[in-house]
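The values are calculated or read from the model by the stated rules, or taken from the named source; none is laboratory data. Owing to the predicted nature of the structure, the values given are computational and were not obtained by experimental measurement. Cβ placement follows ideal geometry from the backbone for every residue including glycine, while neighbour counts extend to all protein chains displayed.
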Amino acid sequence: MSRVFSSDFKFTTWRKLWIALAEAERELGLPITEEQIAELRAHADTINYEEAEKREREVRHDVMAHVHAFGLQAPGAKGIIHLGATSAFVGDNTDLIQMREGLRIMQRRIVTLIARLRDFAWRWKSTPTLAFTHFQPAQMTTVGKRATLWLHDLLIDLHELEYRLDQIGLLGVKGATGTQASFLKLFDGDAEKVRKLELLVAAKAGFTRSYPVSGQTYTRKVDAQIVATLGGFAQSASKFAFDMRLLQHMREIEEPFEESQIGSSAMAYKRNPMRAERIDSLARHLIINTQNPAHTAATQWFERTLDDSANRRIAIPEAFLAADSIALLYDNIVGGLVVHEEVIEANVARELPFIATENIMMEGVRRGGDRQQLHERVRVHSMAAVDAIKSGAQHNDLLERIASDPAIELNDDDVRALARPSEFVGLSPEQVGWFLESDVDPILASRRNLVADEVGEVRV
């Protein structure tokens, strides 16, 4: 991602676009020689940056500075560089090429995450764990079922990203105000040749189409929609990372922690969830950054204004770089998740007696008991068990209290049978299987070539 949004990628793309324009203009009959184009091609990747920077300090115009620098290297072709074009021809078309490449990288990142989470969900699909609402113990779920919630968000992100990738076009050759007047003049009023020029340049740049209408620049709604898509992925990743931080607090599931890693400069014993915290930090930046392209799109004046330029040069690359960093961290965590089954079982054992009370009352009624009387006895025992836990008891003895109460008429074996964790996970294992088979596996089957073998690296 750093390469795609580097200065070198940007300025070599400018040159490739100028070459594509010259080639297309020559093919359509303008007096441009093959020798001129060959001279341009010879210097497509060897940019004389010092000359461009020197010229830009003089003229305060980046495009004209690079036209000048290119002309110094290809003097025989300097007269036809940028012929008929305005700055947006290289600026906007390059932005679109960069965003297309950036979306392709993010597509690979998200598909890889889906593949890793798919395997995790399948492995742990039947392992009971506490489910929470309001971060209060509610009922039961499974470790794998919870992972499908993260997976489902990523599927939504992938569909949205691939839609944006499919819809992205090139600005093309639109001229100073989008009317293509300069190109119409070059071709002596031949509108059909101008239309063909648009198609040829788009094809040479690897696009199947250009946007049908524009001002000098393509509509900035494209930027807003694409960055919003990245922001959607940031939302999903942030939710996963918050869940991981809570799970690590409970010591149930942990992110990777290397042998020599230090959690705190003061508290040597700490295992801070550094990776998950960093995801949440970067996600907050990216989610807030989605407002930049939105405001830019909303404040364009007629055919263009320049107050978008400096903002876009920061907001768009930062959005892609942040999304890429988040994805790498996400991949690193999922690729090294540590599940502590004993801790999960202990947490379940502490809360399950409360969850099981309704089943216990129903069985008591089935055996001839009075529902209201049973409810009162269970309530009394529940309050006593809660008080004991709050007073420091390590074991929840609610089941023993109920089993020893003659008014309930259920023995210890009866109560234990009604409080097996697997009895309270509902269709969690089945839901995992159905979801993976019907929704996830077909996506992975058609995109298997996008899945990375190596786990994302945390470069710290």
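If the condition is being in contact (Cβ under 8 Å) with a residue 12 or more places away in the chain and out of contact with any Leu (no Cβ under 7 Å at 6 or more places or on another chain), then the stretch 65-74 contributes A65, H66, V67, H68, A69, F70, L72, Q73.
Across the stretch 380-412, the qualifying residues are those that are under 12 Å from I360 (Cα atoms) and either in contact with a Gly (Cβ under 8 Å, 6 or more places away or on another chain) or loosely packed, with under 14 Cβ neighbours inside 10 Å (or both), and the one among them that is modelled with the lowest pLDDT is E409. Could you say whether any residue in the stretch 95-109 is touching a residue at least 40 places away in the same chain (Cβ under 8 Å), over 30 Å from A445 (Cα atoms) and in a helix (DSSP H, G or I)? Looking through the stretch 95-109, at least one residue is touching a residue at least 40 places away in the same chain (Cβ under 8 Å), over 30 Å from A445 (Cα atoms) and in a helix (DSSP H, G or I).
Here's the yes/no breakdown for (1) of a type in the set (A, V, I, L, M); (2) surrounded by fewer than 16 Cβ atoms within 10 Å (Cβ to Cβ); (3) over 21 Å from L247 (Cα atoms); (4) not assigned by TED's automatic domain parsing to the domain that holds I287:
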position	(1), (2), (3), (4)
A323	yes, no, yes, no
L329	yes, no, no, no
L352	yes, no, no, yes
M361	yes, no, yes, yes
G369	no, no, yes, yes
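Only residues that are of a type in the set (S, T, N, Q) and not in a loop (DSSP other than H, G, I, E, B): list them for the stretch 1-45, please. Those that are of a type in the set (S, T, N, Q) and not in a loop (DSSP other than H, G, I, E, B): S7, T12, T13, Q36.
Restricting the search to the stretch 303-317, which residues are touching a helix residue (DSSP H, G or I) at 6+ places or on another chain (Cβ under 7 Å) and polar (S, T, N, Q)?
Of the residues in the stretch 303-317, the ones touching a helix residue (DSSP H, G or I) at 6+ places or on another chain (Cβ under 7 Å) are 308, 311-312, 315-316.
Passing the criteria: only N311.
Has the stretch 251-264 got at least one residue that is closer than 25 Å to W124 by Cβ, part of a helix (DSSP H, G or I) and either modelled with pLDDT of 95 or more or outside the structural domain of I279 (by TED's automatic domain parsing) (or both)? No, every residue in the stretch 251-264 fails to be closer than 25 Å to W124 by Cβ, part of a helix (DSSP H, G or I) and either modelled with pLDDT of 95 or more or outside the structural domain of I279 (by TED's automatic domain parsing) (or both).
Looking across the stretch 110-137, the residues that are more than 19 Å from Q431 (Cα to Cα) and free of Cβ contacts under 8 Å to residues at least 40 places away in the same chain come down to T133, H134, Q136. Going through (1) in contact with a strand residue (DSSP E or B) (Cβ under 8 Å, 6 or more places away or on another chain); (2) part of a helix (DSSP H, G or I); (3) over 30 Å from K193 (Cβ atoms) one by one, A121 falls short only on (1).
Inspection of the stretch 15-29 finds no residue satisfying the criterion of being more than 21 Å from S182 (Cα to Cα) and more than 38 Å from the chain's Cα centre (by Cα).
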